[in-house]
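Here is the structure we will look at, set down as structure tokens.
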Amino acid sequence: MSTANPTAKKSHNPKTAVILSILLAGLGQLYNRRYVKGILFIILEISFILTLGRFLNLGLWGLTTLGTIEGTDHSVVLLIYGLVSLILIAFFVTLYIVNVKDAKRDALRIQNGERAPTFREAAGNVWDKGFPYFFVTPGLIMLAFIVILPLMFTVALAFTDYSQYNQPPRALLSWIGFDNFARLFFETGGAGNNIWQDTFISVFTWTIVWTVVATTLQIALGLFLALIVNDPRIKFKRLIRTILILPWAVPAFVTILVFAAMFNDRFGAINTDILAVFDLSIPWLQDPFYTRIALIMIQTWLGFPFVFALFTGILQSISKEWYEAAEVDGANRMQKFKSITLPHVLYATAPLLIMQYAGNFNNFNIIYLFNEGGPAVRGQNAGGTDILISWVYDLTFTLNQYSMAAAITIILGLIVTGFAFFQFRKTRSFKEEGNL
């Protein structure tokens, strides 16, 4: 027995609707007799072309050429115009895809004999189904121009020759491909000397050492103190916790500046009052090795209170019955720590601990406020304690090496993103209760 819909229109071809929608947004809707929707799409496309066509043409031209007349064309402005044009084109393409899919969907309904909704019904369906998108779209547009555009600009700048000696509008920028990255990773200087490569290796190595050592020490100290204070044999717990939290209550920049004065080689209290008793004087701000030691100690002091407070709350939530059961089974103190305490602490705090590492990887404040990344190192254009983020700051605001700073920023972003993604994937095991 036939089940064909008597109102189906096999002659109505969805391919025709798709082709018409591609030729001009809204024609497919007119073919489907959705006149109001079709007219709206046509008005949107024509308005977009008439109002933004000239700007898009200038933007795409500027993006590809970065200007042709020195002193007149500003390469940076043209680059920004080009990136804005790409974002606008992306929005337009998205709208165009919606237009094509809508025409095809309506054509299929007509071909199958489904009743076309009235304008009021269609408007109601759009409001009901698209309600979240109406409120998300303004934020998405702001996100595109406030967040995505600066990121695109940084990435694009890394592939140009924008530097102190080549600044627009006096000079025009040029696309140089991966030359900036090649200068960081490959020997290009005479006699095997490449200041960029030497500096990058030195700064990158110190950044990794700084991140791992300083963060691990503050976590280890915070955990150690939390275990001691949480011990039932310890009295005056509230007073001890208050004292240990005090470094966290003082603004970090104030603490850093105070320590910078204390570690001063000539008049600092550490040299003049403490080490002078042993007839010692350490060049804390002149020797990179001692400056790095001081920075690690300061960061440990700044970071452990947060970790201590975090671990204290977790330790108090662990049931005492588990420890009692472990004692019945003959477990010693270390076995209880490895089998009960540590897994629970990591289960609850692993993402926050990862953020501690990521935060110290980009910890600009302590590096800059303590000694501005110094002391200077011969044969390098970075200070002895500069990490990647502070080196980028110096390259941008002191040396005016904008394109190289952008290239290092990309590398920095990829490292942090990859590290965070890898670690969050690895910590999934702590989210499974059965693994405890």
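The values are calculated or read from the model by the stated rules, or taken from the named source; none is laboratory data. Computed from a predicted model, the values in this text were never measured in an experiment. Cβ: placed from backbone, ideal geometry, glycine included. Neighbour counts: every protein chain shown. Note: areas computed on protein heavy atoms with side chains; ligands, DNA, RNA excluded. Shrake-Rupley method; radii C 1.70, N 1.55, O 1.52, S 1.80 Å.
Kindly check whether there is at least one residue in segment 416-427 that is open to solvent by 30 Å² or more (accessible area, probe 1.4 Å), in contact with a Phe, Trp or Tyr (Cβ under 9 Å, 6 or more places away or on another chain) and either among the charged types (D, E, K, R) or at pLDDT 95 or above (or both). Reasoning before the result, please.
Filtering segment 416-427 down to residues open to solvent by 30 Å² or more (accessible area, probe 1.4 Å) leaves 416-419, 421-426.
Next, from what is left, pick out any that are in contact with a Phe, Trp or Tyr (Cβ under 9 Å, 6 or more places away or on another chain): 416, 419, 423.
Narrowing the set further to residues that are either among the charged types (D, E, K, R) or at pLDDT 95 or above (or both) leaves none.
Within segment 416-427, none of the residues are open to solvent by 30 Å² or more (accessible area, probe 1.4 Å), in contact with a Phe, Trp or Tyr (Cβ under 9 Å, 6 or more places away or on another chain) and either among the charged types (D, E, K, R) or at pLDDT 95 or above (or both).
Given the residues T68, T64, which is the only one that is within 17 Å of F153 (Cβ to Cβ), among the polar types (S, T, N, Q) and out of contact with any Pro (no Cβ under 9 Å at 6 or more places or on another chain)? Full working, then the answer.
Numbers: T68 fails: within 17 Å of F153 (Cβ to Cβ).
Matching residue, one of T68, T64: T64.
For L151, are the conditions met, namely being at pLDDT 90 or above and either in a strand (DSSP E or B) or open to solvent by 70 Å² or more (accessible area, probe 1.4 Å) (or both)? Break it down stepwise before answering.
Values: at pLDDT 90 or above: yes; either in a strand (DSSP E or B) or open to solvent by 70 Å² or more (accessible area, probe 1.4 Å) (or both): yes.
Answer is yes for this residue.
Pairs needed: first member in segment 323-349, over 23 Å from A220 (Cα atoms); second member anywhere, open to solvent by less than 50 Å² (accessible area, probe 1.4 Å) and not in a loop (DSSP other than H, G, I, E, B); C-beta distance under 6 Å; at least 6 residues apart or different chains.
A326/K336
Can you name the residue in segment 171-197 that is among the charged types (D, E, K, R) and at pLDDT below 90 and, of all such residues, is farthest from G67 (Cα to Cα)? Break it down into steps so the answer makes sense when it comes.
Taking segment 171-197 first, the residues among the charged types (D, E, K, R) are 179, 183, 187.
So of that shortlist, the ones also at pLDDT below 90 come out as 183, 187.
Working: R183: 25, E187: 31 Å.
Filtering segment 171-197 for residues that are among the charged types (D, E, K, R) and at pLDDT below 90, the one farthest from G67 (Cα to Cα) comes out as E187.
I'd like to know if segment 342-353 contains one or more residues that are within 30 Å of S390 (Cα to Cα), within 24 Å of the chain's Cα centre (by Cα) and exposed (fewer than 15 other Cβ atoms within 10 Å of the Cβ). Talk me through it step by step, then tell me what you get.
From segment 342-353, those within 30 Å of S390 (Cα to Cα) are 349-353; that's our starting set.
Now restrict to residues that are within 24 Å of the chain's Cα centre (by Cα): 349-353.
In the following step, the residues that additionally are exposed (fewer than 15 other Cβ atoms within 10 Å of the Cβ) were identified as 351-352.
Yes, some residue in segment 342-353 is within 30 Å of S390 (Cα to Cα), within 24 Å of the chain's Cα centre (by Cα) and exposed (fewer than 15 other Cβ atoms within 10 Å of the Cβ).
If the Cβ limit is 6 Å and pairs must be 6+ apart or interchain, which residue in segment 289-310 that is within 12 Å of L221 (Cβ to Cβ) and open to solvent by less than 40 Å² (accessible area, probe 1.4 Å) pairs with which residue that is of a type in the set (G, A, S) and not in a helix (DSSP H, G or I)?
none
When the residues of segment 229-258 are filtered to those that are aliphatic (A, V, I, L, M) and surrounded by 13 or more Cβ atoms within 10 Å (Cβ to Cβ), which remaining residue is nearest to the chain's Cα centre (by Cα)? Talk me through it step by step, then tell me what you get.
Step one: filter segment 229-258 for residues aliphatic (A, V, I, L, M), giving 229, 234, 239-240, 243-246, 249-250, 252, 254, 256-258.
Now drop any that are not surrounded by 13 or more Cβ atoms within 10 Å (Cβ to Cβ), which leaves 229, 240, 244-245, 252, 256-258.
Numbers: V229: 36, I240: 37, L244: 31, I245: 29, A252: 22, I256: 25, L257: 28, V258: 31 Å.
Of everything passing the filter in segment 229-258, A252 is nearest to the chain's Cα centre (by Cα).
For segment 384-400, which positions are open to solvent by 50 Å² or more (accessible area, probe 1.4 Å) and within 21 Å of L285 (Cα to Cα)? So that I can check it myself, show each step before the final result.
Applying the first criterion (open to solvent by 50 Å² or more (accessible area, probe 1.4 Å)) to segment 384-400 yields 393, 397-399.
Y393, T398, listed by residue number.
Considering only segment 8-47, state which residues are open to solvent by less than 70 Å² (accessible area, probe 1.4 Å), of a type in the set (D, E, K, R) and not in a helix (DSSP H, G or I).
R34, the sole residue that qualifies.
Suppose we keep only residues that are touching a residue at least 60 places away in the same chain (Cβ under 8 Å) and out of contact with any Leu (no Cβ under 9 Å at 6 or more places or on another chain) within segment 154-175. Which one would you say is least open to solvent (accessible area, probe 1.4 Å)? Please lay out each step first, then the result.
Taking segment 154-175 as the starting set, the residues that turn out to be touching a residue at least 60 places away in the same chain (Cβ under 8 Å) are 154-164, 167-175.
This time we only want the ones that are out of contact with any Leu (no Cβ under 9 Å at 6 or more places or on another chain), so: 154-155, 158-159, 169-171.
Numbers: T154: 43, V155: 69, A158: 0, F159: 50, P169: 56, R170: 153, A171: 15 Å².
Restricting to residues being touching a residue at least 60 places away in the same chain (Cβ under 8 Å) and out of contact with any Leu (no Cβ under 9 Å at 6 or more places or on another chain), the top hit is A158.
If you go through segment 48-62, how many residues are within 17 Å of P169 (Cβ to Cβ) and open to solvent by less than 50 Å² (accessible area, probe 1.4 Å)?
If we filter segment 48-62 for residues that are within 17 Å of P169 (Cβ to Cβ), which is where we start, we get 58, 61-62.
Subset that is open to solvent by less than 50 Å² (accessible area, probe 1.4 Å): 62.
Going through segment 48-62 one residue at a time, the tally reaches 1.
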